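J.: This is the structure I have questions about; it appears just below.
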Amino acid sequence: MSRIGKKLARLGNAGPGSRALVKPERTEKDARIRKMRSAISELISSGRSELRARGPVRRAPRVRALPGDRVETAHGPMHLVDTYLEPAHHHGDTPVVRALAVDPQTVATLAIDPVFENVDFKRMLLIDTETTGLSGGTGTIPFLIGAAWFEDESLRVQQYVLTELGREPPMLHALKERIEWASCVVSYNGKSFDWPLLRSRYVMNRVKAPVLPPHLDLLHCSRRVFKRRMESVRLVNMEEEVLGMTRVDDIGGAEIPGVYTTFLRGGDPQPMQGVIEHNGNDLIALAALLGWLNDHFEGVNREDDPRDHLSYARVAERAGDPKRALAFAAAAAAGAGKADTAVDAHLLAARVARRGGVALQADQEERALLDALCASAEDTRDRQLFVRVELSKLYEHRLKDLSKAWEHAAAARELGEDARRVARLSKRIGKRNTRPKRLLTKIRKLFD
């Protein structure tokens, strides 16, 4: 017997004079437990044997990998998609390189913001994000940040993809470097959505946010120009109706958060390629749209819709550019559009002239056109009243034709305006007609 066995034997005896230690009997429950343990051991042993026979276990590979590469930065690893577009690249019917030729003065007028008058648009930065939600807030994460800029005449598109939650700082630092280099930022709804969201992510990740240079939001410009003829001015609609570009098999914005969630859970990354392509098209569309707006706002294009001409005239009026406003108003009035568009164009021209800047060329044909349009069957009663009043002001103060002013004032009275304007004009006309009689009376008194 071994030494350990002897010690255990002595422990079984309580000492001299004591009774022997009685071991408890094994119950039926203990037997069942021993049987279960034995069965589990046999299953584990058989499973190990089967695995050894099959060889090492391998995970099923993903169908496709994400485009781009994993790069190391000073702030950690990041997934980067880097693309170049040749100078001859067109987005629909519009050459992308036209964005390099924009005139800062024209852009400042179009944006109604003089800050762009001294901006070097050769160093513009186009930005767009894809996020885990469309409502914004601290819980929304921009998992794809797109940035594009021109190098010579080629458009370089870089996209930073968040392949793992909690790895945002490298993306944010990369964007920060581009923003600090840029002379201005161009986006579509970026003032209300993209930049506030990105700024909050800088705070949440304890990264100092860059100081944003002048920010040109093309959504605001598009609304001012195209709201008269387009029901929606989403970027996709702008591509189809303005740039002549139709996306094929494009993923919808509402589907993007779900695609990213599936990707994070280990799903097939192939749908993420559609998200990256969608983001890239948005960036390219920004450059093309900026060039298109500049070209069509810089000078009158007779092929444009008269409603667009009228919108351009209103933008120029708001920006304090009377010469451009009158040029586009004349194009809107002369275009083959609806009568109400021509009426609005003539009224805008009269308003600009009355405010003092440029003399209004109102010859007999224009007056006849105004008279005919103000009685157009397409106009409502309130609209006709407004037009009659404006015409009365125009003839009285600018064209110095009191008879015509009285006629329009009388028509306005019939449509519901009070009679004070008619009474005042009647008094002015009466005084003007009595002046020769008064002068003749004074001369006679001198000779008497």
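The values are calculated or read from the model by the stated rules, or taken from the named source; none is laboratory data. As the structure is a computational prediction, the values presented were derived from the model and not from experiment. For neighbour counting, all protein chains shown are included, and Cβ atoms are generated from backbone atoms with ideal geometry for every residue, glycine included.
J.: Can you find a residue that is closer than 28 Å to P306 by Cα and at pLDDT 95 or above anywhere in the range 177-186?
T.: Yes, the range 177-186 has at least one match.
J.: Here is a list: V233, V225. Which entry is surrounded by 20 or more Cβ atoms within 10 Å (Cβ to Cβ) and in contact (Cβ under 8 Å) with a residue 40 or more places away in the chain?
T.: V225
J.: Within the range 258-271, can one find any residue that is hydroxyl-bearing (S, T, Y), part of a helix (DSSP H, G or I), over 28 Å from E117 (Cβ atoms) and touching a residue at least 40 places away in the same chain (Cβ under 8 Å)?
T.: Within the range 258-271, one or more residues are hydroxyl-bearing (S, T, Y), part of a helix (DSSP H, G or I), over 28 Å from E117 (Cβ atoms) and touching a residue at least 40 places away in the same chain (Cβ under 8 Å).
J.: Restricting to the range 143-152, name every residue that is buried (at least 16 other Cβ atoms within 10 Å of the Cβ) and either farther than 22 Å from G253 by Cα or at pLDDT below 95 (or both).
T.: Selection gives W149, F150.
J.: Also, I was wondering about something else. Inside the range 392-421, can you point out the residues that are in contact (Cβ under 8 Å) with a residue 40 or more places away in the chain and either in contact with a Cys (Cβ under 8 Å, 6 or more places away or on another chain) or of a type outside the set (K, R) (or both)?
T.: Answer for the range 392-421, where residues must be in contact (Cβ under 8 Å) with a residue 40 or more places away in the chain and either in contact with a Cys (Cβ under 8 Å, 6 or more places away or on another chain) or of a type outside the set (K, R) (or both): L394, H397.
J.: Out of L172, L155, L126, which single residue is in contact with a helix residue (DSSP H, G or I) (Cβ under 7 Å, 6 or more places away or on another chain), in contact (Cβ under 8 Å) with a residue 12 or more places away in the chain, under 24 Å from G253 (Cβ atoms) and in a helix (DSSP H, G or I)?
T.: Checking each option against the conditions leaves just L172.
J.: Just one of (1) touching a residue at least 40 places away in the same chain (Cβ under 8 Å); (2) within 24 Å of R381 (Cβ to Cβ); (3) surrounded by 21 or more Cβ atoms within 10 Å (Cβ to Cβ); (4) hydrophobic (A, V, I, L, M, F, W, C) trips up L347, so point out which.
T.: (3) is the only condition that L347 fails.
J.: Among the numbered conditions (1) assigned to a loop (DSSP other than H, G, I, E, B); (2) under 25 Å from V115 (Cα atoms); (3) under 15 Å from the mean Cα position of the chain (by Cα), tell me where P210 comes up short.
T.: (3)
J.: Does the range 223-235 include one or more residues that are closer than 30 Å to L162 by Cβ, touching a helix residue (DSSP H, G or I) at 6+ places or on another chain (Cβ under 8 Å) and not in a loop (DSSP other than H, G, I, E, B)?
T.: Scanning the range 223-235 turns up at least one residue that is closer than 30 Å to L162 by Cβ, touching a helix residue (DSSP H, G or I) at 6+ places or on another chain (Cβ under 8 Å) and not in a loop (DSSP other than H, G, I, E, B).
J.: Would you mind finding the one in E255, E303, E317 that is part of a helix (DSSP H, G or I) and under 30 Å from V343 (Cβ atoms)?
T.: Answer to the check: E317.
J.: Can you tell me which residues in the range 158-169 are in contact with an Asp or Glu (Cβ under 9 Å, 6 or more places away or on another chain) and in a loop (DSSP other than H, G, I, E, B)?
T.: Matches in the range 158-169: L162 only.
J.: Any residue at all in the range 183-198 that is assigned to a helix (DSSP H, G or I) and surrounded by fewer than 16 Cβ atoms within 10 Å (Cβ to Cβ)?
T.: Scanning the range 183-198, I find at least one residue that is assigned to a helix (DSSP H, G or I) and surrounded by fewer than 16 Cβ atoms within 10 Å (Cβ to Cβ), so the answer is yes.
J.: Which ones in the range 320-368 are modelled with pLDDT under 75, outside any helix (DSSP H, G or I) and within 32 Å of the chain's Cα centre (by Cα)?
T.: Selection gives A336, G337, K338.
J.: Which condition number in (1) in a loop (DSSP other than H, G, I, E, B); (2) at pLDDT 95 or above; (3) not β-branched (V, I, T) is the one that P61 fails?
T.: (2)
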